[in-house]
Amino acid sequence: MLVTGSAILVPARAGKYGVGAFNTNNMEITQAIIHTAEKLRSPVIVQMSEGAIKYGGQDLANIVKDLANRASVPVALHLDHGSSYASALNAIRMGFTSVMIDASHHNFEDNVAETRRVVEAAHAMGISVESELGRLGGIEENIIVDEKDAFLTDPEEAVQFIEQTGTDYLAIAIGTSHGAFKGKGRPYIDQARIAKIGEMTSIPLVAHGSSGVPADIIARFRAAGGDIGEAAGIDDDDLRQACQHGIAKVNVDTDLRLASTVGIREVLHANPKEFDPRKIFGPAREVMSQVIEHKMRVLGSVGKA
Ligand code: G3H
Ligand code: 13P
Ligand code: NA
Ligand code: ZN
């Protein structure tokens, strides 16, 4: 069933498990996300960025909503990185049940003001809101505290921000970054900061940039002719630990991009004569489903629906 983000994330925070928020851009991705959630009895969030809305529009939103409405598990349709009040309201008009207003690049006061405006409008329509405080980016383990504090989320500020905005869930900067190149080896995640923010707050926390960039997927990507540099993602254990301390929404896009490309590359590499789209996109959907299943097991959302 199609539900709000809060309906999924409040129980997750209370139960100390994470829920995957997977980005979709087409039917096959959407099917992989929702069908895997049903298979594993897991709640799930399907999210569309503004780029996804530009690409798939209401057609894609309707595919998500239809699958969600027919699903035997709770599914939310979320706007990822909404850049303005107008963008958030447009998504609500399209039938989204959760929206993000990302005003994290503004100063604290302007971030509060912009977020608050979206919260008031969204709540009037029964829609829940994600906002962000801090700047995403990779960090070194031994970076000096002042440098960390310059862009990672400050716990005291997080408390103030939640009070002043009424946001339903908050994305925090803890060392993750978007994309397939999150650092060398195992990227450093500031677990102490997550634990502190988790202790001082009670709303669900959100981790962006949480793809694992699995080594086996990268190896298959290369073996099938792909060219990728020093790819690195978030370690499964870092996500397990984070979900014990307040992280409830875990954003994953890159892993699905890599998985779908691996599926497509492998088919075309092994069979250059193939041109039936079902034989090309079908395996991509299967590789994505396997990656989603792994993530749901790591986050502990299996069996929670
Ligand atoms: O955080 C960004 C997501 O990976 C969405 O990316 O804006 O290219 O759709 P996109
Ligand atoms: P990844 O690039 O790690 O998949 O992060 C996606 C994300 O944060 C979407 O908002
Ligand atoms: Na988001
Ligand atoms: Zn993000």
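Since every read-out is calculated from the coordinates, none of them should be taken as a lab result. If you're wondering where the values come from, they're calculated on a predicted model, not measured in any experiment. No Cβ is skipped: glycine too gets one built from the backbone with ideal geometry, and neighbour counts run over all protein chains shown.
Quick one: P(r) of the stretch 160-305 from all Cα-Cα pairs, 5 Å bins, percents rounded to integers, in order of increasing distance.
2, 9, 17, 18, 16, 13, 10, 7, 4, 2, 1, 0
Rounded to the nearest 0.05, what FRET efficiency is calculated for residue 54 and residue 236 with R0 set to 51 Å and r the Cβ-Cβ distance?
0.95
If each residue's Cβ is checked for other Cβ atoms within 10 Å, how do 273, 16, 304 rank with the fewest at the top?
273, 16, 304
Between residue 120 and residue 215, take the C-beta separation as r, use R0 = 51 Å, and let me know the FRET efficiency to the nearest 0.05.
Efficiency for this residue pair is about 0.65.
With each run of n ≥ 4 DSSP H residues scored as -39500 (n - 2.57), what mean residue ellipticity at 222 nm is computed for the chain after dividing by its residue count and rounding to the nearest 500 deg cm²/dmol?
After summing the helix terms and dividing by residue count, I get -16500 deg cm²/dmol.
Determine, for 84, 49, 260, the number of other Cβ atoms within 10 Å of each Cβ, and report the residues in order from fewest to most.
Lowest count first: 84, 49, 260.
Rounded to the nearest 5, what % of the DSSP beta bridges within the stretch 5-299 are antiparallel ones?
Among the beta bridges of the stretch 5-299, antiparallel pairing accounts for roughly 0 percent.
Within 10 Å of each residue's Cβ, count the other Cβ atoms and sort 245, 78, 269 from fewest upward.
Starting with the residue having the fewest Cβ neighbours, the order is 269, 245, 78.
Among 36, 131, 10, which residue has its Cα positioned farthest towards the positive end of the charge dipole of the chain, with +1 placed on the Cβ of Lys and Arg, -1 on the Cβ of Asp and Glu, and the dipole taken about the Cα centre?
36
About the Cα centre of the chain, how large is the charge dipole given +1 on each Lys and Arg Cβ and -1 on each Asp and Glu Cβ? Please answer in debye to the nearest 20.
Computed about the Cα centre, the dipole is about 1220 debye.
Give me the distance in nm between label points sitting 7 Å out from Cα along the Cα-to-Cβ direction at residue 86 and residue 286, one decimal.
Placing both labels 7 Å along Cα→Cβ, they lie 4.6 nm apart.
Tell me the net charge near residue 239. Cut-off is 13 Å between Cβ atoms, residue 239 excluded, with +1 for each Lys or Arg and -1 for each Asp or Glu.
Value of the local net charge: +2.
Could you tally the net charge around residue 52, taking each other residue with its Cβ under 13 Å from the Cβ of residue 52, Lys/Arg +1 and Asp/Glu -1?
Every neighbour counted, the sum reads -2.
Which residue, 259, 103, 47, has the largest displacement toward the positive end of the dipole of the chain when charges sit on each Cβ (Lys, Arg +1; Asp, Glu -1)?
259
What full-extension length gain, to one decimal in nm, is calculated for residue 160 and residue 16 as 0.36 nm per residue of separation minus the Cα-Cα distance?
Length gained between residue 160 and residue 16: 49.5 nm.
Considering the Cα trace of the stretch 97-186, what is its radius of gyration and what is Dmax, both in angstroms?
Answer for the stretch 97-186, Rg first and Dmax second: 14.4, 45 Å.
For residue 196, go through the lysines and keep the ones whose alpha-carbon is under 21 Å away, minus same-chain ones fewer than eight residues off.
List returned: 16, 148, 249.
Kindly give Rg over Rh for the chain, based on alpha-carbon atoms, with the Kirkwood expression for the hydrodynamic radius.
Using Cα coordinates only, the ratio equals 0.96.
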